[in-house]
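Worksheet for the structure shown next.
The values are calculated or read from the model by the stated rules, or taken from the named source; none is laboratory data. In this text, all values refer to a predicted model and were calculated from it rather than measured experimentally. No Cβ is skipped: glycine too gets one built from the backbone with ideal geometry, and neighbour counts run over all protein chains shown. We work out accessible area using only protein heavy atoms, side chains counted, and drop any ligands, DNA or RNA first. Shrake-Rupley method; radii C 1.70, N 1.55, O 1.52, S 1.80 Å.
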Amino acid sequence: MTDETIFDKIIAKQISADIVYEDDQILAFKDIAPKAPVHYLIIPKKRIATLNDANPEDQVLLGHMMLTAAKLATEAGIAADGYRVQMNVNKGGGQVVFHIHLHMFGGRQLAE
């Protein structure tokens, strides 16, 4: 396993975050540099560096992350108008923290 990431420290509560959801498998919190009025990061507590590193046994976890994004969008009041869920993969895909995470954006019209 590579060095500890900022997300590992948030999961361990060594670094504070504005948490909007947590269960035994995942954690969701507000992004510290939001790109939209609502911008949450949804991370698994199990560290998987990139989507390319996910295995078939991670399928339920990945689905849980997606369904949690939909639940949080509803709770934030943005589900009806629409929102975006995005996962960046590797440096060329824009990934900065090598612990998979979903970005959930909404609250305004999103450009391509």
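Observations on the model:
- In the stretch 13-27, the residues that are within 15 Å of Met104 (Cα to Cα) form Cβ pairs under 6 Å with partners that are surrounded by 10 or more Cβ atoms within 10 Å (Cβ to Cβ) and among the small types (Gly, Ala, Ser), at six or more places apart or across chains, as follows: Val20/Ala28; Tyr21/Ala28.
- The combined condition, being in a loop (DSSP other than H, G, I, E, B), open to solvent by 10 Å² or more (accessible area, probe 1.4 Å) and under 13 Å from Phe7 (Cβ atoms), is not fulfilled by Val89.
- Filtered residues of the stretch 65-86 (kept if polar (S, T, N, Q) and open to solvent by less than 20 Å² (accessible area, probe 1.4 Å)): Thr68
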